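Any read-out appearing in this document is the output of simple, stated calculations on the displayed coordinates, not a laboratory observation. Treat the numbers as computed from the prediction; the structure is a model and nothing was measured. No Cβ is skipped: glycine too gets one built from the backbone with ideal geometry, and neighbour counts run over all protein chains shown.
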């Protein structure tokens, strides 16, 4: 009693690995597409918030609540805060040392808490001051 299934079995098994490979490629492509879309939206949101902050500071200057020098200091402190965070990341990744970060910031008291992960040979945190 041959129903024809035995003749279809090799074709089905031969097709099965190809469909898994194609499925994996599609899932990975969809994942990265969604990741890029969310990353783009996040970047746009952050840029919008920075512009909004700058507009609000400009409005305070226009109404006379703060001086132009104070507004400049506020905007500069925001930029320096972002730079400080990025330098702290670079120190944690051991790309630069604390002395170099201190020179870049122009601060004598630049300090950062470095957290060493298991890949670095330890776990815990230590503070580094220049």
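Okay, here's what the table says:
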read-out: At R0 = 41 Å, FRET efficiency that the Cβ-Cβ distance of residue 60 and residue 94 yields, to 0.05; value: 0.50
read-out: Order of 28, 61 - criterion: other Cβ atoms within 10 Å of each residue's Cβ, fewest first; value: 28, 61
read-out: Paramagnetic reach from residue 105 (point 7 Å along Cα→Cβ, amide N under 14 Å) across the stretch 71-94; value: 77-92
read-out: Difference of contour (0.36 nm per residue) and Cα-Cα distance, residue 79 to residue 52; value: 8.3 nm
